[in-house]
Amino acid sequence: MILKSIKGTKDILPSDSSRWQYVEQVVRGVFHRYNYKEIRTPMFELTSLFSRSIGELTDIVGKEMYTFTDRSGDSVTLRPEGTASVVRSYIQNNLGEAQPLVKVYYIAPMFRQERPQAGRLRQFHQFGAEAIGSPTPETDVEIIAMAAEIYRQFGITNFTLKINSVGDEECRPRYKELLRTELMTIADQLSVESQKRIEQNPMRVLDSKDEKDLALTKDMPRITDHLNEECAVHFERVKELLTLMGIPFVVDPRLVRGLDYYTKTAFELTSDELGSQSALAGGGRYDLLTQELGGKQTPAVGFAAGIERLMMVLEKNNFTVPALRPALFLAAADEASRGWTIVTTMELRSRGVAVETDFLQRSLKAQMREADRQLARHVVVVGAHELAAGRATLRNLDDHTNREVELGLLADAVMR
Ligand code: AMP
């Protein structure tokens, strides 16, 4: 029997990995320019971390987590998202002690048992960032601008930035109650899923996927009309700064995001090129999470973005990345010269030159084909004659020019 990978997981093959490395490098570059530093947390955590932070009533905790009991009887979960782990680490390691504002990013695999489809995997990858310790709208805007900047770096500009405010612990309960009362009057016409949500999480009814639900709730009260003074001022400032920075946005009062821990600003970047799974990235402010996880109350804001979704847009745009290429292919013209080519290959590699040679005892013709296949920039054929003379012909495979080089100076010749 041939063993296959698990449904909803994907190998990143050697032919794809340079694209991934390139994407990660660009993403890191933006994070570093914004002065965010990398944090790496474990891939699995105690289940209670996620159920407490993301919320028992969310889809993620309710039906998507990879949870199992380990041999010591602990319930552990493969992380479905990054924020909970980062905040856990922030509290556990007292990161807030050294500086008032901690800015971190991650690039990591996440795990959710969803129904696999285009753009939706069970192991997928996210990059994301968290700014922990700042209550200001300026920090929300830094996070949003940074997310948008990453897409711009890849030439992706046709995305939509949706923003909303989901209020705080003071004004949201009042709004929820109002919404619940209104929803009750049309409950019997709503989808079963939405009916279930009225009691526990009425705001989620507003982001229902059901067209009929959307039409029925069109004129429902909007949270943006029911924010308290503090949340309203905060939201105005976010909008003002985005406008000043020339970042286009639309206010979407239905945007509530799936997770319970958001307060004030919520946002999402979507792309029309993605079909039904149109979300590129999402984020928002979560001022209550640190406290919820046992730390001091600490305002924070962050975002997470799907790398596979970004890749899908790049593919649509025919975006190409520079291939990894050996600077030199050392070909042996005869058996006697193979000792020299192998030793010299290793030597040049240790001097920092990317070199490939033949390990399959192939004919000279086959070696030349291999040099082409590997996209080597140069090739040198070395036989008894060259070894005796200490010189050989260096062929540039890009412009098809030849030049004589001393074998002792090969490194300089191909690095130039
Ligand atoms: P979320 O944490 O659900 O807000 O997800 C943030 C981003 O991660 C989304 O906007 C997607 O780009 C990506 N994402 C979420 N779930 C999946 C999945 N199952 N497969 C691939 N990408 C995903």
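The numbers here are math on the coordinates, done by the rules we state, and not lab data. Note that this is a predicted model, so its numbers are computed, not measured. Every residue, glycine as well, gets a Cβ built from its backbone with ideal geometry; the counts of neighbours run over all protein chains shown.
Taking amide H atoms as placed 1.01 Å from N in the peptide plane, the amide H of residue 38 lies under 5 Å from those of 105, each 5 or more residues away in sequence or on another chain. A straight chain from residue 245 to residue 415 at 0.36 nm per residue would run longer than the Cα-Cα distance by 56.9 nm. What is the distance in Å between the Cα centroid of the range 400-416 and that of the range 13-42? Result: 34 Å between the Cα centres. Charging the Cβ of each Asp and Glu at -1 and of each Lys and Arg at +1, and nothing else, the dipole of the chain about its Cα centre rounds to 920 debye. Note: relative contact order over the range 328-415, using C-alpha pairs below 8 Å and six or more positions apart, is 32 percent.
Note: relative contact order over the chain, using C-alpha pairs below 8 Å and six or more positions apart, is 15 percent.
Fraction of C-alpha pairs exceeding 16 angstrom in the range 328-415: 46 percent, rounded to a whole number.
Loop-resident trypsin sites (Lys or Arg not before Pro) (DSSP state other than H, G, I, E or B) in the range 16-99 with no more than 14 further Cβ atoms inside 10 Å of their Cβ: 40, 71. Does the range 1-104 classify as rounded, prolate or oblate by the C-alpha gyration tensor (a ≥ b ≥ c root eigenvalues; a/c under 1.5 gives rounded; else a/b over b/c gives prolate, otherwise oblate)? Oblate shape, in that a/c is at least 1.5 and b/c is the bigger or equal ratio. For the range 347-413, the list of trypsin sites (Lys or Arg not before Pro) that fall in a loop by DSSP and count at most 13 other C-beta atoms within 10 angstrom reads 351. A 25 angstrom limit on the alpha carbon distance is what I want to check against. Which of 176/196; 10/162; 264/316; 10/196; 63/196 exceed it? Over 25 Å apart, Cα to Cα: 10/162; 264/316; 10/196.
For residue 191, the residues 5 or more places off, or on other chains, whose built amide H falls under 5 Å of its own are 213. Sequentially through the range 386-396, phi angles give Karplus couplings (6.51, -1.76, 1.60; θ = phi - 60°) of 5, 5, 5, 7, x, 9, 8, 8, 9, 9, 8 Hz, Gly and Pro residues having no value and appearing as x.
From the alpha carbon centroid of the range 315-331 to that of the range 273-296 is 36 Å. Considering only 318, 144, 378, the residue lying farthest towards the positive end of the dipole of the chain is 378, judged by Cα position with unit charges set on Cβ. With the charge dipole of the chain set up from +1 on Lys and Arg Cβ and -1 on Asp and Glu Cβ about the Cα centre, the Cα lying farthest toward the positive end among the listed residues 119, 367, 41 is that of 367. Counting only DSSP beta bridges whose two residues both lie in the chain, roughly 85 percent are antiparallel. Students often get this wrong: which residues of the range 1-39 have the backbone nitrogen under 14 Å from the point 7 angstrom along Cα-to-C-beta of residue 123? From the range 1-39, the list is 4-13. Helical content alone sets the calculated 222 nm signal of the chain at -11000 deg cm²/dmol, taking -39,500 (n - 2.57) per DSSP H segment of four or more residues and averaging over every residue.
Phi angles of the range 401-411 translate, via the Karplus equation with coefficients 6.51, -1.76, 1.60 and θ = phi - 60°, into HN-Hα couplings of 9, 10, 8, 7, 9, 6, 4, x, 10, 4, 4 Hz per residue; Gly and Pro are given as x. The string of couplings for the range 291-307 from the Karplus curve (6.51, -1.76, 1.60, θ = phi - 60°) is 5, 4, 9, x, x, 6, 4, 9, x, 7, 8, x, 8, 9, 9, x, 6 Hz, one whole number per residue in order, with x for Gly and Pro.
Peptides 8-17, 308-317, ordered by how many other C-beta atoms sit within 10 Å of their residues on average, highest first, read 308-317, 8-17. Computed extension length for residue 18-residue 384: 128.0 nm, one decimal, from 0.36 nm per residue of separation with the Cα-Cα distance subtracted.
Evaluated with a Cβ-only charge set (Lys, Arg +1; Asp, Glu -1), the range 328-415 carries a dipole of roughly 140 debye about its Cα centre, given to the nearest 20.
Using 16 Å as the cut-off for backbone N distance, which residues of the range 9-24 belong to the label zone defined by a point 7 Å from the Cα of residue 153 along Cα→Cβ? Residues 19-24 qualify, since their backbone N sits under 16 Å from the label point. Ordered by the count of other Cβ atoms within 10 Å of each Cβ, fewest first, 111, 267 give 111, 267.
Database remark: amide H of residue 126 closer than 5 angstrom to the amide H of 108, 110, 307 (H placed geometrically; neighbours at sequence offset of 5 or more, or on other chains; Pro and chain starts carry no H).
Think of the range 240-299 as a dipole: +1 on every Lys or Arg Cβ, -1 on every Asp or Glu Cβ, centred on the Cα centre; then among 284, 297, 243, 297 lies furthest on the positive end. In plain terms, if you count all Cα to Cα distances in the chain and split them into 10 Å steps from zero, the share in each step is 4, 18, 24, 20, 13, 10, 7, 3, 1, 0 percent.
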